[in-house]
Structures are given as C-alpha cells and as structure tokens.
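Asker: One structure follows; several queries about it will come next.
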Amino acid sequence: MSPDNPPAVLFFNHLDPTGRSGLAGDVLTAAQFACQAVTALTAITVQDTGVIEEIHPVSEEILDNQARCLLEDISVHAIRAGGLYSPDHASVIAQIAADYDSVPLVLYLGPQYASVIEDSSDDEIEALLLATWETLIPQASCVVVDCSYLNLWAPEDEHDNENPIPVVLEAILAAGAKSCLSLFCPSPDSAHQHILLEGGERSSAFGFFPLAGQSEAGDMISAALACELARGAPLSLACEQAITYAHKALADGRKLGMSKLVAQRLQKT
C-alpha cells in the first residue's frame, strides 16, 4: 500500500472516553501503523481513567448497519473485534466475518465487562459466552486472549482448576480459530510470556513483558496485530511487532488524570 492509499482496518469496539482503550485508542494505534481506522461502535461507557461506572451497548441492528455501510463503501484489509457486550454482537460480527471471509479477523478476549451493564443477568452473560464460542471464535484468523482474564471466557466444561490455561487455549483452536496469541502466560521464573499457537504443534514464544495486569495491553496488541496483518505481514512477525509496540507505549505511559496511566500510542519513529 502506498502512503496515499493506506490499508483500512475495521474496528469493532466500545468507546472509552479516556482513550486508554476502545475505539479512541484504536484510531491512534492505526495511525501509528500507517493504517486507516474505520469503526463500528459496540457500546458507550461512562468512565474515567480508573473505573467503568456504566456501559450502554448499542443494538445489534445499529452495529450491523454501521459495519455493513462501511464495508460496502471501503475496501477493508483486516477486522479487529473487541468490546462484545451481548450475544447478538457476537453473532453480528461472526456473520460479517463469514461474508468477508478473505479478510483476516482478529478477535480479542480480554476483560469481560458484561456484568457492569444495568440489569445484566447470569443467563445473558452465559449467552454471550456461548455465542462467542459457537459463532465468532470459529471465524477468527487469530484469537488474542489475555490469560489474566481467561477464566471469564472459559466455558464451564473447559475448566481445569489445576492447569486451566492450556486447556482453554487448546479449546480455542479446537473450536475452529486458525491461531491463538495468548498474552501474559505464567512461566516458571514468574515472569510473563506471550505464546502464539497455530494449528497442529506449531508455536512461537515472544519475550517477557513486565507490564502485565494493565487491561488495555491486550486491546492495544490486538489492534496493532490487525494493522500489521492489513499491511501484509506474516502472522508471527505481526505478533512480534504488535507486542513490541504495546510494550513501549505502556512503558512511556503518562497520567492524564488521577488514576491509571494512559499508554503513549503515538510514538516517534
């Protein structure tokens, strides 16, 4: 792609008004990777840099209409899906991914905020998990999962209290995902390591990342990964570049308010 015609990435995500995560952060990450961000809003949050107080999901009709309006107008080179707050969101994105199956889909499974939604029930959260596993994971080119939150996405029949992480990661591939990038996997020396799993026995490990526990890290890595794939990078290299980018952005983070640091997503090259 020439600088005058950058690759476009479609981001499904919530709107975080602080820019720590969500669509505001996705736009900055896309700019850093010389991509054009186009966006489909899943929810509006009421929050500061520390706490989410309210989440207001959009309807599935609005989400579907907005995404398809963009896709019928703009040639999109990758899709990143995050910020899922209802089973209908998962189903809408899965159907779009199926209709545009030549476009790589990066699915991010991080903090699960569905319980923050007013009047949300356990049955509705379970329905979101079921829709994610049955309709969305099978469409994914790469599922990016933050192991800090893995138990929030694990179906009950995949739980293993003694060694839960490998079981769930294997289940993601068995469900149909082409690959899985697991972030912050505990390692023997108590550091955190990222591992890319692909079909069969292939796997790659990426360096240690001392900034675990920052909820926007996986959001940022998955956004950068989608941008790198849109630019034509092979998966392993795209993962490495995305992790390196997020590490630096978080290390250079700054306080805008009284709570958590905001990553420096725009960096000098």
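Asker: List, please: which pairs have Cβ atoms under 7 Å, are six or more places apart or on different chains, and start with a residue in segment 14-30 that is hydroxyl-bearing (Ser, Thr, Tyr) and end with one that is in a helix (DSSP H, G or I)?
Answerer: Taking only residues 6 or more apart or on different chains, the pairs are 21/216; 21/219; 29/220; 29/223; 29/224; 29/227.
Asker: Before we move on, is residue 72 farther than 23 Å from residue 19 by Cβ, surrounded by fewer than 18 Cβ atoms within 10 Å (Cβ to Cβ) and touching a His at 6+ places or on another chain (Cβ under 8 Å)?
Answerer: Considered against the rule, which asks whether it is farther than 23 Å from residue 19 by Cβ, surrounded by fewer than 18 Cβ atoms within 10 Å (Cβ to Cβ) and touching a His at 6+ places or on another chain (Cβ under 8 Å), residue 72 comes out as no.
Asker: Name the pairs: first residue in segment 61-75 and of a type outside the set (S, T, N, Q), second residue part of a helix (DSSP H, G or I), Cβ to Cβ under 6 Å, at least 6 apart or on different chains?
Answerer: Taking only residues 6 or more apart or on different chains, the pairs are 63/92; 64/92; 67/96.
Asker: Counting only residues that are closer than 15 Å to residue 82 by Cα and assigned to a helix (DSSP H, G or I), how many does segment 54-64 have?
Answerer: 3
Asker: Among the candidates 204, 179, 148, which residue alone is at pLDDT below 95 and either in contact with a Cys (Cβ under 8 Å, 6 or more places away or on another chain) or surrounded by 21 or more Cβ atoms within 10 Å (Cβ to Cβ) (or both)?
Answerer: On the way: 179 fails: at pLDDT below 95; 148 fails: either in contact with a Cys (Cβ under 8 Å, 6 or more places away or on another chain) or surrounded by 21 or more Cβ atoms within 10 Å (Cβ to Cβ) (or both).
From the options 204, 179, 148, the qualifying one is 204.
Asker: What are the pairs with Cβ atoms under 6 angstrom where one residue, in segment 218-237, is over 17 Å from residue 31 (Cα atoms) and the other, located anywhere, is of a type outside the set (D, E, K, R) and surrounded by fewer than 19 Cβ atoms within 10 Å (Cβ to Cβ)? Sequence gap at least six, or different chains.
Answerer: 236/204
Asker: Here is a further query. Looking at segment 33-53, can you tell me whether even one residue there is surrounded by fewer than 18 Cβ atoms within 10 Å (Cβ to Cβ), assigned to a helix (DSSP H, G or I), at negative phi and touching a strand residue (DSSP E or B) at 6+ places or on another chain (Cβ under 9 Å)?
Answerer: So far as segment 33-53 goes, no, none of its residues is surrounded by fewer than 18 Cβ atoms within 10 Å (Cβ to Cβ), assigned to a helix (DSSP H, G or I), at negative phi and touching a strand residue (DSSP E or B) at 6+ places or on another chain (Cβ under 9 Å).
The values are calculated or read from the model by the stated rules, or taken from the named source; none is laboratory data. Keep in mind the model is a prediction, meaning the values are calculated, not measured. For neighbour counting, all protein chains shown are included, and Cβ atoms are generated from backbone atoms with ideal geometry for every residue, glycine included.
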